[in-house]
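Asker: Before we start, here is the structure in question, set down as structure tokens.
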Amino acid sequence: MQRDLRLAGVGRRYGLRGTWVLRGVDLTVAPGTLTRIEGANGTGKSTLLRLLAGLDAPSEGRVTGRPRTAYVPERFPSALPFTALGYLTHLGTVHGLSRGAAARAAGTWLERFGALAYAGTPMAQLSKGSSQKVAVAQALLGEPELLVLDEAWTGLDTAARAELERAVAERTAAGGAVVFVDHDPRRLAGVPDATYTVLDGRLAHRTHEGSPPAGPLTVVTVRGPAGGRLPAEAARAVASAEETTAGVHRLAVPASRSDVLLRALLTARPPWHVMSVTPPPDLAPTPDLAPTPDLASPTDLAPPTDLAPPTDPGSRP
């Protein structure tokens, strides 16, 4: 994302004499930032997200600096004439990927969200949760400069919700922007760069984040260059940072964003040395457990031709 997306004096109403849903909205979304939108039902949050995503045009005011955008709607039309893999592959080609690259990317995101087993399942037969995983995957396929999420966590299982938080952190660390709405006030609590509330058709900036990041924390001990400061991407990811001795830092990071933190540290110039990583107790490996079989590689995926697709346990009848 090369420049800010700006809304200046934006208003939106439906019909020439319709009631104004939004009026006088000024908002700047900068590269690499995470923005939360709050408000009661019916206040215009989804309308604002559609304006940001470029799906609706403002009735008044201006939108400038349009980045390459992907959007996860509150209601995803799942009854589409594709399999999950076929749909994502098609979307990948729309984003400009070759068919092979699109299929590989589709398989990667299905695997990350725990839906690889249903790659060949028709979209109309997917459960609500699996359909939502496809909805999120389609938005991430093309590495968008702006990711707009309207209640995107709804319907996802615990592992997929954590994976989406990780994907959000990856997008902002890569310089993209993310704007999201979620009904759970604990979602990414303490992480957004800015929080706005929609009230009576207006947008108000909330200046105080009242709660710390939710979820288990991973503790990472690192050694940096003499007099060095944490890379910006790393500083954004952590919940807390303490310099215990000269050059040695103890960082606490939500488990879902630990990969982003480690990548930022190891790719910094000069790089930071990771001394130890201590996962939360409930995420620590259990040596007595038998290893689980490896999933098929996404590069080997192809829509099934002669076999019936596996049944999604939550599929609609």
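Asker: I'd like to verify a number: residues in segment 12-52 that are surrounded by 21 or more Cβ atoms within 10 Å (Cβ to Cβ), among the hydrophobic types (A, V, I, L, M, F, W, C) and within 30 Å of ALA237 (Cβ to Cβ), how many?
Answerer: 9
Asker: Of ALA177, ALA189, ALA119, ALA152, which residue is within 29 Å of GLY42 (Cβ to Cβ), touching a Pro at 6+ places or on another chain (Cβ under 8 Å), surrounded by 22 or more Cβ atoms within 10 Å (Cβ to Cβ) and of a type outside the set (D, E, K, R)?
Answerer: ALA177
Asker: I'd like to verify a number: residues in segment 1-31 that are over 25 Å from ALA169 (Cβ atoms), modelled with pLDDT under 90 and basic (Lys, Arg), how many?
Answerer: 1
Asker: Report yes if ARG112 is of a type in the set (D, E, K, R), touching a residue at least 24 places away in the same chain (Cβ under 8 Å) and surrounded by fewer than 19 Cβ atoms within 10 Å (Cβ to Cβ), otherwise no.
Answerer: no
Asker: Hey, can you tell me all the residues within segment 236-256 that are at pLDDT 80 or above and out of contact with any strand residue (DSSP E or B) (no Cβ under 7 Å at 6 or more places or on another chain)?
Answerer: Within segment 236-256, THR245, ALA246 qualify.
Asker: Of the residues ARG75, ARG36, which is part of a loop (DSSP other than H, G, I, E, B) and not hydroxyl-bearing (Ser, Thr, Tyr)?
Answerer: The unique qualifying residue is ARG75.
Asker: Run down GLN138, GLN125, GLN132 and say which single residue is without any contact (Cβ under 8 Å) to a residue 60 or more places away in the chain, surrounded by 19 or more Cβ atoms within 10 Å (Cβ to Cβ) and of a type in the set (S, T, N, Q).
Answerer: Of the residues listed, the single one that is without any contact (Cβ under 8 Å) to a residue 60 or more places away in the chain, surrounded by 19 or more Cβ atoms within 10 Å (Cβ to Cβ) and of a type in the set (S, T, N, Q) is GLN132.
Asker: Let me confirm something: among GLY215, GLY224, GLY228, which residue is farther than 27 Å from TRP153 by Cβ, of a type outside the set (A, V, I, L, M, F, W, C) and modelled with pLDDT under 80?
Answerer: GLY228
Per-residue answers, yes or no, for (1) more than 21 Å from ALA160 (Cα to Cα); (2) without any contact (Cβ under 8 Å) to a residue 40 or more places away in the chain; (3) touching a strand residue (DSSP E or B) at 6+ places or on another chain (Cβ under 6 Å):
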site: LEU49; (1), (2), (3): yes, no, yes
site: ALA53; (1), (2), (3): yes, no, yes
site: ALA57; (1), (2), (3): yes, yes, no
site: ARG62; (1), (2), (3): yes, no, yes
site: ARG68; (1), (2), (3): yes, no, no
site: SER78; (1), (2), (3): no, no, no
site: LEU85; (1), (2), (3): no, no, no
site: ARG99; (1), (2), (3): yes, yes, no
site: THR108; (1), (2), (3): no, no, no
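Asker: Does THR69 meet the test of being closer than 22 Å to LEU149 by Cβ, within 17 Å of the chain's Cα centre (by Cα) and of a type outside the set (Lys, Arg)?
Answerer: It is true that THR69 is closer than 22 Å to LEU149 by Cβ, within 17 Å of the chain's Cα centre (by Cα) and of a type outside the set (Lys, Arg).
Asker: Sticking with this one: Can you spot a residue in segment 254-272 that is assigned to a strand (DSSP E or B) and free of Cβ contacts under 8 Å to residues at least 60 places away in the same chain?
Answerer: No, because not a single residue in segment 254-272 is assigned to a strand (DSSP E or B) and free of Cβ contacts under 8 Å to residues at least 60 places away in the same chain.
Asker: Let me ask something else. Looking only at segment 219-229, decide whether some residue is crowded, with 17+ Cβ neighbours inside 10 Å, touching a residue at least 60 places away in the same chain (Cβ under 8 Å) and in a strand (DSSP E or B).
Answerer: No, every residue in segment 219-229 fails to be crowded, with 17+ Cβ neighbours inside 10 Å, touching a residue at least 60 places away in the same chain (Cβ under 8 Å) and in a strand (DSSP E or B).
The values are calculated or read from the model by the stated rules, or taken from the named source; none is laboratory data. Predicted, not measured: the structure shown is a model, and the values here were computed from it. Don't worry about glycine lacking a Cβ; one is built from the backbone with ideal geometry, like all the others, and counts go over all protein chains shown.
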